[in-house]
Structures are given as structure tokens and as C-alpha cells.
Amino acid sequence: METHRRSSTNSVRSHKPARPIALEDDSTKASDALPLPLYLTNAVFFTLFFSAVYFLLCRWREKIRSSTPLHVVTFSEIVAILASVASFIYLLGFFGIDFVQSLVLRPSADVWATEDNEVESEVLLRNEDARHVTCGQALDRSIRSLQPPAPIVTAEKVFDEMPVTVMTEEDEEIIRSVVSGMTPSYSLESKLGDCKRAAAIRREALQRITGKSLSGLPLDGFDYESILGQCCEMPVGYVQIPVGIAGPLLLNGREYSVPMATTEGCLVASTNRGCKAIHLSGGATSVLLRDGMTRAPVVRFDTAKRAADLKLYLEDPENFETLACVFNRSSRFARLQSIKCAIAGKNLYLRFSCFTGDAMGMNMVSKGVQNVLDFLQTDFPDMDVIGISGNFCSDKKPASVNWIEGRGKSVVCEAIINGDVVRKVLKTSVESLVELNMLKNLTGSAMAGALGGFNAHASNIVTAVYIATGQDPAQNVESSHCITMMEAVNGGKDLHVSVTMPSIEVGTVGGGTRLASQSACLNLLGVKGASKESPGANSILLATIVAGAVLAGELSLMSALAAGQLVKSHMKYNRSSKDVSKVSS
Ligand code: ADP
């Protein structure tokens, strides 16, 4: 009931900007002032009402049986009548007002959409977003669902608070055509030849189809041509993520300002503090251990013997040269490094590893693998290619093969943090850090059965840098594999800290790296585009910077934990001050 009452009042004043509400971040309710909790008062009045009515009905039946006139009432009956009337008035006032408000003040379609009531909007989402079509079909009304269409709540026209684009008569006609299903939404770019206009029309059509407003999701200020056929299909706008700067990170004698795209308060500040500690201690050093992107197709034979024949063939060094030539034809940058095979019965998994220059390399390696598979078909005509990716690669899934063998760039990064810096900047001691690292990152993760997760929060830094620099954020799964080691050195005075990351998957060409914002962040790091001097140098440098930033992040968070500062700093940077006072009190 409390939730319900709150939702109705929220809907009335929901023009304030949408903001996620933390559970503790609730505003004070009028009911807080009551001496008894509302549910207790409600229960009392419910009981009173039903007891009184029940009593009166019983009395009424008795009077009918004994032929007593109904207007002759005893004192107890008068009390029961008064109690039922009073409780009825209370209940009517309590529940009735909400009901009437919900009828009279029913919000408009766009008010619903921007309402920031978590509970109710979650229920709405669950109910209304139960799709009967797949994601790609959602806007493509030309594709009819096999199931009977779900009833669609349509709003004739949903107005943004500030209309971003003025629609012409012709646009209006196209919108109607998309809404009716005559024009597939995906074809707008090719039909109109204007990506921005296509996005604006699709957006308006989407709002009409769903009855939900997209105000808050910007449309203007983005180059839609730049993503066509490369980065995102059927765009309707773009999400803004703030970019903060941590640094300078002193790494291998050079300073880097590290861009981090995140909405997690504290993250940039914390990484920045780690950078400061590293800088004051003379900097960090990172070394590339290995550089090879992998792809592992799965092929099937009629017998395990034939699968083993191919395994032996691929592992014969004499055949490797030929296969490498075939593979490397896929790109002037691709260089096959190895093929590692694993058999499961008559199925064979071939893990190709290859150098991909400055590209992250998934496309490049896939093309090379396809070349080799075509080539092998001549000598192994009974080989049935089941899939170009058989998950032994392994892309975007936690897997031991990446943790042990590496994928993309394998990097180790270290620093010796001066004991004074540990005390003054990190506000803890070498001893505490070493002990915490052993019990948390090593023992604790072992107890949890971690796979590559022997660290405090590598994925936080990896993901923020990936989003800022146009990497594939889904690859944070394996890119965040990291073991953090801490050891007291120089007679226990200073701290040796290192992060070992076997599968950092980054590129400075291809994918999202060419987009304006991401490209600016790469430029800030001095790794934009392809390296002119030495192909691959830019992506390698980016991988070492990622490891350096992770080192800084690990140092700072571990120190905050060791000093017991974590909750306090998160309350300060991640929550409103109101919450902090609640927590501290
Ligand atoms: P990915 O394989 O990471 O998905 P793409 O294959 O989409 O990347 O992009 C790589 C493209 O960039 C290739 O066409 C390649 O020829 C080109 N390229 C230009 N310079 C370089 C370089 N230094 N390293 C790698 N690729 C490069």
C-alpha cells in the first residue's frame, strides 16, 4: 500500500529528471510522522469494520427469527454501527483517494516513461516488455509474429520535452509507413540515404509503436554515418557516459592520462590515487609476454581416428609453413603463430593463434581460419566444419584456456611502492597490504573457485578504459583475468606490487576505435590508429596502459580496504551526503 501511495504521488510530479533511487535514498513520507506504522492502523480498522459488520448481521438475523422490530437497537448495536461507519470512513479515505487519483490523474504516455518509480516501473517493464517477437523484429513490423500479436498500448503521438528534429510532411508519411509495417525500420538508411534522418524517423516511429518517450536519449550531436554497417544497426540515439581522467600514470618512463568512461563514483578518483602512488614511487614497468588473437573452429569426422589424423597433421612442424602461408593471405598484418588442437571423440577443436597488428583481430583471425579450413578440405574431404567458432577460442566467456594459454596481449606490470608513499598517499601499511592481498586476492579467490579472478577489481578499470577507447566491452570477461601479487621488499620497508594479465584484447584500428569520441581518447594516449613505424606497436602500448591502470586501481582499492575506508569513500562519491549521514549515524 505504501508503495502504491508513493507511486501515485510520484506520477504527478514526475517531470523532474529521471534518477535512479537507491533504496535508502527515499524521501520522508507523511506517514512517518504517525505514532503507529500504517500497516498496523490499517489492520486495526479492517478488523474493526468486519467485526462490527459481522456482529450487526448476526443481530439482524436473530431479530428476524424472533420477530423483533429492526429499529429497536441495543447499546452494543449502536456501538457496532458507529464503529462500522467510522472504520468505513477511514478505509474509504485511505484507499479511495488513491483510487480516485489514479482515475483523475492518470499520467500521459510520456510521463509513464520518465517516471522514476523503481518498483512500479519494474513491474510495468516485466509485463509490457514480454516480447512476442525477437529483438530485431521489434521495430520491423513487416515481419509478422507466428503467435497472435500481443495487445499493443499505442499512443497516437508522444512528444519529447524538446523536439529534436522538425519533421516534414514527407517524414510524417514515412513514420506512418514504419508504424504500420509497410516500411521495414532497418531499410530506412538505404532508402533515405541520410543516416541522421533515418535515425530520427525510426526514433519517432518507435515512440509511437511503444507509447514510450525517448526524451533523455539524445539524437543530435552524433555522426550516424560513422556507424553505418560497422558499429550499430537501427540506431535511435546514443547513450552518454561521462569520461574521467586518471593520471598521469608513469609507465615505462612515460606519462599517460588514462580516460575512463564510467558511471561508478569513486572509480576514477581511486585509480587516480593509485597513479599518484606509482608516480611518487618512480613509476611502473610493464612487459608484453605474448601477443596473439585466437579463433578455434570445431570440425567433425566419422571416426576419432580421422580426427586424430588431422591433429597430428596440424601439429607436424613441416606442415605449419604451408598452413601459415595460406592463413596469412587473409591480411597483410595477420601472422599465424600456432595451432593447438583438442579432441573430444571424433570432434576436433583447432585453436589458431595469430598476430593481428594494431587490430584486436577477431575479423582478421576468422578470415585466416576460413582460408585454412578451405585448404584442408582437399586433404581431408571427410572433414565436416561444424562451426568457425567452437568455443575453444574462447571469446567473451570465462575459460581456463585463456587464463593459461593467453589470448590477445599477455602483460605483466609491476612497481615498487615506497613505504612512505604507502603510509602518506595510500593511508595504510606495507604489512597490511601484503596480508590482505594474500587472504583476499589469493586465498579468498581460491576459496571461491575463481577463474582468473585473483584480483580486487581489475574488471572495473578494464571496462572503463575499454568503453572510453572503443574496445569491445564484452571482452572484459577474459581481459579482466588478472592475478595481483604483493610482497614486502627492501627489508619489509617497501611494497612490490604486480598485476599479471594473460588475455588483454585490445586494438587501435577497427571496431569502435574509429568513432570520434573513442578516437579522441586513443589520441590522448598517443595510440590512435595504426602505428606507422611498427604495426602492432599502438595496440601493444594500449594493452600495457590498461595493465598499468589496473595496477593503480588495485593498489588504491586494496589500500582503501586495508584502511577500512571503502564504505566511507563510496558513500562520499557514490551516494548523496544524506546517505552518508545515515550510514555514519
Ligand atoms: P578486427 O579484426 O579487430 O575486427 P578489422 O579487421 O575490422 O579489425 O580491422 C582491421 C583492418 O585495419 C584491416 O582491414 C587491416 O588491414 C587494417 N589495418 C590498417 N593498419 C593496420 C595495422 N597497423 N594493424 C592491423 N590492421 C590494420
Report summary line: Scalar couplings 3J(HN,Hα) for region 230-237 by Karplus 6.51 cos²θ - 1.76 cosθ + 1.60 (θ = phi - 60°), nearest whole Hz, x for Gly and Pro, are 9, 10, 7, 9, 6, x, 10, x
Query raised in the report: Between Tyr313 and Ile386, what FRET efficiency follows from the Cβ-Cβ distance if R0 is 25 Å, with the result rounded to 0.05?
Result: 0.85
Query raised in the report: Just the accessible area for Phe392, please: 1.4 Å probe, Å², rounded to the nearest 10?
Result: 50 Å²
Requested in this report: Keeping every protein chain in place, order Trp60, Trp403 by accessible area at 1.4 Å, biggest value first, i.e. largest first.
Outcome: Trp60, Trp403
Query raised in the report: Whose amide H sits under 5 Å from the amide H of Gly408, counting only residues 5 or more places off or on another chain, with H placed in the peptide plane?
Result: Gly292, Met293, Thr294
Query raised in the report: Along region 415-422, what does the Karplus equation 6.51 cos²θ - 1.76 cosθ + 1.60 (θ = phi - 60°) give for ³J(HN,Hα), rounded to whole Hz, x for Gly and Pro?
Result: 7, 10, 9, 4, x, 5, 5, 4
Requested in this report: Grab the Cα-Cα distance for Ser66 and Leu289, subtract it from 0.36 nm times how many residues apart they are, and report the gain in nm with one decimal.
Outcome: 70.2 nm
Report task. Heavy atoms only, probe 1.4 Å: what % of the accessible area of region 38-91 goes to carbon and sulfur, would you let me know? Result -> 79 percent
Report summary line: Between Leu249 and residues 5 or more places away or on another chain, the pairs with built amide H atoms under 5 Å apart involve Tyr256, Ser257, Val258
Report summary line: Per the charge dipole of region 169-227 (beta-carbon charges, Lys/Arg positive, Asp/Glu negative, Cα centre), the residue among Leu192, Ile175, Thr210 reaching farthest to the positive end is Thr210
Query raised in the report: Let a ≥ b ≥ c be the square roots of the eigenvalues of the Cα gyration tensor of region 325-410; is it rounded (a/c under 1.5), or, if not, prolate (a/b larger than b/c) or oblate?
Result: oblate
Report task. Pull up all non-local amide H partners of Thr428: gap of 5 or more, or a different chain, and H-to-H distance under 5 Å with H placed in the peptide plane. Result -> Arg423
Query raised in the report: Expressed as a rounded percentage, what relative contact order does region 271-353 have, with Cα pairs under 8 Å and six or more residues apart?
Result: 37 percent
Report summary line: Karplus-derived 3J(HN,Hα) from phi for region 305-316 (6.51 cos²θ - 1.76 cosθ + 1.60, θ = phi - 60°), whole Hz, x at Gly and Pro, runs 4, 5, 4, 5, 4, 5, 4, 5, 4, 5, 8, 6
Report summary line: Under the rule rounded for a/c under 1.5, else prolate if a/b exceeds b/c, else oblate, using alpha carbon gyration tensor axes a ≥ b ≥ c, region 169-227 is classed as oblate
Report summary line: Checked against a 32 Å limit on the C-alpha separation, the offending pairs among Lys346/Lys397; Lys367/Lys528; Lys276/Lys409; Lys196/Lys276; Lys276/Lys367; Lys424/Lys532 are Lys196/Lys276; Lys276/Lys367; Lys424/Lys532
Report task. Express the relative contact order of region 38-91 as a whole percentage, based on alpha carbon pairs under 8 Å and six or more residues apart in sequence. Result -> 57 percent
Query - Calculated FRET efficiency for the pair Ser180/Ile404, C-beta based, R₀ 41 Å, to 0.05 - result: 0.15
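The values are calculated or read from the model by the stated rules, or taken from the named source; none is laboratory data. Since the structure is predicted, the reported quantities are computational estimates derived from the model, not experimental observations. Note that we place each Cβ from the backbone using ideal geometry, even for glycine, and neighbour counts take in every protein chain shown. Keep in mind that these areas ignore ligands, DNA and RNA; they rest on the heavy atoms of the full protein, side chains included. Shrake-Rupley method; radii C 1.70, N 1.55, O 1.52, S 1.80 Å.
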